[in-house]
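Some notes on the structure that comes next.
The values are calculated or read from the model by the stated rules, or taken from the named source; none is laboratory data. All values reported here derive from a predicted model rather than from experimental measurement. Counting neighbours? That spans all protein chains shown, and the Cβs are built from the backbone with ideal geometry, glycine included. With ligands, DNA and RNA removed, areas are computed over all heavy atoms of the protein, side chains included. Shrake-Rupley method; radii C 1.70, N 1.55, O 1.52, S 1.80 Å.
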Amino acid sequence: ELPGFYYDSEKNRYFRLLPGHNNYNPLTKESIQYKAMECTRLRLLEEEEKQKKKTARVGLNSSVLLQKRQLGLLSSTSYCRLVHELKVNCMQRRKIEIHSPDSSVAGTNNFKIIVADVACERIFTVNDVEHGGCKYGIINLSGLGKESLTVEMYDNLYFTNRKVNSVCWASLTHPDSHLCLMGIAETPGCASLLPASLFSSTNPGDRPGMLCSFKISTAWSCAWCLNPQADNCFSTGLTRRVLVTNVVTGHRQTFGTSSDVLAQQFARQTPVLYNGCRSGEIFSIDVRQRNRKGQSWKAIRLFHGSAVTSIHLMEAEHYLMAADMAGKIKLWDLRTTKCVKQYQGHYNEYAILPLHVNEEEGLLTAVGQDCHTRIWSLQDAHLLRTIPSPHPSAKDAIPSVVFSSRLGGRRGVPGLLMAVKQDLYHFSYI
C-alpha cells in the first residue's frame, strides 16, 4: 500500500486519494473496500444461481461415495462425514415467514443475535430497535418443516432498551430453562438471568419475574456451568476481571485478569472455565479455587496474535477452537498447548464474531466481517462452501447463523438458519 493512494485492479494503476469538499471524499479506503466486497457478493450470488449442485472436493459425488462404501474403502464415520459435506454444498436458500401474536412487532427490527438451545427447538433473538436499545424474543422452530417454512416468534416487552453484548442459555430448573443476558443498561452495565417462560403466548399476568439482575462494569461475554461441582453458576467476562455468580446462594467469586475477557466457555467434565482475552491470551480457571491475594488463577495458557473473539471446547475436552480479530481460526491441543490446525479464509478486523462447531456432522461454521458465511471440514480444515449474504454488506448487516442437523427438535429438518436485517432464511439439505 502507498500512503494517499489506492490501487485499481481493473485499470492496473494507482490513483490518489484526494481530500473532498466539506470533509466528504467519495474515494476512501472504506468505500473502495465496500465496493470490492459488494462485487464479490454479487458474483457469489450469481454463481449460486447457476450451480444448483456443487462439490467441495474434486471427484466427490454421492455415487462415488456409495461405491467406495460398498467396496469397504470408506469407514462408516468417513462416509457420514463426506455425505454431510455434499449436503452442505447443495443447500438452497429459502425465506422463512415469521408469525407473531403481535403483528405490529414481527419483521420490523433488525436481527442482531440468534442463539439456539441445545435441542435446537427454540432460538433466542436480540433485535435492534430503531430508537435505540434492543428487543428480545424467542422463535419456536417446531413449525419448520420440509414443506412449510413458518415459525412463531414471541416477544417479551418488559425488558427493552438494553444493549446486549452477549447471551447464553442457562439450565437452572430444567435444560435451557433460563437466559443469561450481558450488556449495558446505561452506565455501568447490567447482568440479568431471565426465565425462558417469559417469552410465551400465555397470560402475561402468569409470567414469572426476573430471577436476578445486578449492575457491573461493561460485560463482554457470559457462560453457564453444567458441571455439578459448580452447579447453578454462570460466569461474566468483564473489563480486566472474571465474575462467577451462584444464582441460588448469591455467592460471587472475582478473578482479576490483565485484559478484557471477550469469550468464555465452561468445561462439562470439570468445573473449569476457559477465557479468551483482548490481549490474545486464552487461559483456564478452576472455579473451585478460593480467593487468595497474590495467587495466579491461570492454569492452561495459549496465545493468539490478536484479540480472541470466540472459543469452543470440543466434546472430548482435549481440543479448543479459537478465533481472533486477525481472522485466524486455530485448533489447539490442550495437552501439548500447541496449535494443530488452522482454518483459512475467515475475515475479521475488529468485530466480536462467534464460531459454530458441529462435531457430529464434522463441520465448522463462521460468519466473517465481510458478511460471508463459511463452512469448513473439521477434520482437514478444507473450506467447503462460502455463502454470500442476501443483503448488501454493511457493519449493521452481518448475518447471525445457527447450524444443526435437527432444527426444530429431534424430528426437525437439517440445515442452516441465517438471520440478517429483518429477514430469516433457511438453507435446507436436499
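Of everything in segment 298-320, what is more than 13 Å from residue 265 (Cα to Cα), open to solvent by less than 50 Å² (accessible area, probe 1.4 Å) and either in a loop (DSSP other than H, G, I, E, B) or not hydrophobic (A, V, I, L, M, F, W, C) (or both)? Give them in sequence order.
Within segment 298-320, 300, 304, 306, 307 qualify.
Could you grab me the full set of residues in segment 125-137 that are surrounded by fewer than 23 Cβ atoms within 10 Å (Cβ to Cβ) and either at pLDDT 90 or above or not assigned by the TED database to the domain that holds residue 168 (or both)?
none
Any residue at all in segment 387-403 that is in contact with a helix residue (DSSP H, G or I) (Cβ under 9 Å, 6 or more places away or on another chain), open to solvent by less than 10 Å² (accessible area, probe 1.4 Å) and farther than 25 Å from residue 350 by Cα?
Scanning segment 387-403 turns up no residue that is in contact with a helix residue (DSSP H, G or I) (Cβ under 9 Å, 6 or more places away or on another chain), open to solvent by less than 10 Å² (accessible area, probe 1.4 Å) and farther than 25 Å from residue 350 by Cα.
Looking only at segment 265-286, how many residues end up being open to solvent by less than 10 Å² (accessible area, probe 1.4 Å) and within 13 Å of residue 317 (Cβ to Cβ)?
Adding up the residues that qualify gives 4.
Determine, yes or no, whether residue 118 is part of a loop (DSSP other than H, G, I, E, B) and at pLDDT 85 or above.
Values: part of a loop (DSSP other than H, G, I, E, B): yes; at pLDDT 85 or above: yes.
When the stated conditions are applied, residue 118 passes them.
Determine whether segment 321-329 contains at least one residue that is part of a loop (DSSP other than H, G, I, E, B), touching a residue at least 40 places away in the same chain (Cβ under 8 Å), open to solvent by 40 Å² or more (accessible area, probe 1.4 Å) and of a type in the set (D, E, K, R). Can you show your working first?
From segment 321-329, those part of a loop (DSSP other than H, G, I, E, B) are 325-328; that's our starting set.
With touching a residue at least 40 places away in the same chain (Cβ under 8 Å) added as a condition, the list becomes 327.
Narrowing further to those that are open to solvent by 40 Å² or more (accessible area, probe 1.4 Å): none.
No, that holds for no residue.
With the checklist (1) farther than 30 Å from residue 142 by Cβ; (2) loosely packed, with under 15 Cβ neighbours inside 10 Å in hand, flag the one item residue 410 doesn't pass.
Looking at each condition in turn, residue 410 falls short on (1).
Keeping to segment 336-373, report how many residues are open to solvent by 20 Å² or more (accessible area, probe 1.4 Å), closer than 28 Å to residue 30 by Cα and of a type in the set (D, E, K, R).
Result for segment 336-373: 1.
Just give me the residues in segment 330-352 being outside any strand (DSSP E or B) and not hydrophobic (A, V, I, L, M, F, W, C), in sequence order.
335, 336, 337, 344, 345, 346, 347, 348, 349, 350
So residue 379 fits all but one of (1) assigned to a strand (DSSP E or B); (2) among the polar types (S, T, N, Q); (3) surrounded by fewer than 17 Cβ atoms within 10 Å (Cβ to Cβ); what number is the exception?
Just one mismatch for residue 379, condition (1).
Test each condition in (1) in contact (Cβ under 8 Å) with a residue 40 or more places away in the chain; (2) farther than 17 Å from residue 128 by Cβ; (3) open to solvent by 10 Å² or more (accessible area, probe 1.4 Å) for residue 422 and report the one that comes out false.
(2)
Considering only segment 191-248, how many residues are within 24 Å of the chain's Cα centre (by Cα), of a type outside the set (S, T, N, Q) and either farther than 20 Å from residue 139 by Cα or modelled with pLDDT of 85 or more (or both)?
22
Is segment 310-318 home to any residue that is within 28 Å of residue 245 (Cβ to Cβ), out of contact with any Cys (no Cβ under 6 Å at 6 or more places or on another chain), modelled with pLDDT of 95 or more and not hydrophobic (A, V, I, L, M, F, W, C)?
Scanning segment 310-318, I find at least one residue that is within 28 Å of residue 245 (Cβ to Cβ), out of contact with any Cys (no Cβ under 6 Å at 6 or more places or on another chain), modelled with pLDDT of 95 or more and not hydrophobic (A, V, I, L, M, F, W, C), so the answer is yes.
Taking segment 370-412, which residues are touching a residue at least 24 places away in the same chain (Cβ under 8 Å), within 26 Å of residue 119 (Cβ to Cβ) and over 17 Å from the mean Cα position of the chain (by Cα)?
Within segment 370-412, 377, 379, 384, 385, 406, 408, 409, 410, 412 qualify.
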